[in-house]
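Derivation of every value follows stated rules applied to the coordinates shown; laboratory data play no part. Predicted model, so just to flag it, every value in this text is computed and none were measured. Cβ sites come from the backbone with ideal geometry, for glycine too, and all protein chains shown count toward neighbours.
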Amino acid sequence: MTWQDGWWAYVFIAIAGWLATDIWRWLGVITGNRLRDDSEALSWVRAVATALVAAVIAKLILYPTGVLEQSPLWLRAGAVALGAAAFFLFGRRPAIGIASAIAALALGLWWLGF
């Protein structure tokens, strides 16, 4: 059986995935248009989103998988600290912070022989 024989399954998955998520996007747009930028609800949403990102980063540092699991904790924490420093020093630009953290981690892994 090739993908051409069962193409309808791929179409079904795409449509079902779109229907399951798109309604929430539209509801978010409709609700978000009614909120002021300084509202309590939007402040709460920003706080939850920031906490989720921080939790994912903490998980990657403290409980990594793959090659990161073999790397020392000091290297992972140091790369994040360097990325945060670059982020704040260069005008709060996320791309610079992320790129410098990745570069520090890659150089550290290379230096350690990974």
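Summary table
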read-out	value
Charged-residue dipole, Cβ positions (Lys, Arg, Asp, Glu), the chain about Cα centre, Debye nearest 20	300
Karplus 3J(HN,Hα) series, Hz, for region 78-90 with 6.51 cos²θ - 1.76 cosθ + 1.60 (x for Gly, Pro)	x, 5, 5, 5, 5, x, 5, 4, 5, 4, 6, 6, 10
Cα shape, region 1-67, gyration tensor, a/c 1.5 rule	oblate
Residues in region 70-93 that a label on LEU112 would reach, taking backbone N under 20 Å of a point 7 Å out along Cα→Cβ	70-85
Region 1-45 and region 90-114: distance between their alpha carbon centers, rounded to Å	33
Cβ-based charge dipole, the chain, positive-most Cα from PHE90, ALA106, VAL56	PHE90
Gyration tensor verdict on the chain (Cα atoms; rounded if a/c is under 1.5, prolate if a/b is larger than b/c, oblate otherwise)	oblate
